[in-house]
Amino acid sequence: MAPGHDYVLLHTHPGAAPISENDVAIFLEHRALRVMGVVGVRRNWYLLSHMAGHPHPMAPEVLQAYRDAEDALRPHFLGLRQSGRLSGAAAYRELVHEAWGRVASQFGLRYSRVE
């Protein structure tokens, strides 16, 4: 990446999965990345960006907070899967989406899903 330029990273997740831990690690490692977009096979978009006026967060802290949120939410989504209300894939997508939704703003990040 050229110094002094801002970038957008757009890529696909063929399985329709939300933004992954690896995606966030890359996004935070490269300060020139201002927005990351993930497009799923179901035409769903997941977007991550930096909020103005917030310090640049460190990946280890963000990822640990995400893992903690995922662990806290897992029983709920496991119940939805076991009850048949969500498929395994849908439960996973919703779990990851909810976990990022809980964590992002704590670190000055904006996370959203567009369907």
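Readers should treat all values here as calculations from the given coordinates under stated rules, not as data from a laboratory. What you see is a predicted model; the values in this text were computed from it and never measured. A quick note on method: Cβ atoms are made from the backbone with ideal geometry, for glycine too, and the neighbour counts reach across all protein chains shown.
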When G84 is evaluated against the numbered criteria (1) assigned to a helix (DSSP H, G or I); (2) without any contact (Cβ under 8 Å) to a residue 40 or more places away in the chain, which criterion, by number, is the only one it fails? (1)
What number of residues within region 87-115 are in a helix (DSSP H, G or I), of a type in the set (D, E, K, R) and touching a helix residue (DSSP H, G or I) at 6+ places or on another chain (Cβ under 7 Å)? 3
With respect to R93, is the statement that it is crowded, with 17+ Cβ neighbours inside 10 Å and of a type outside the set (A, V, I, L, M, F, W, C) true? yes
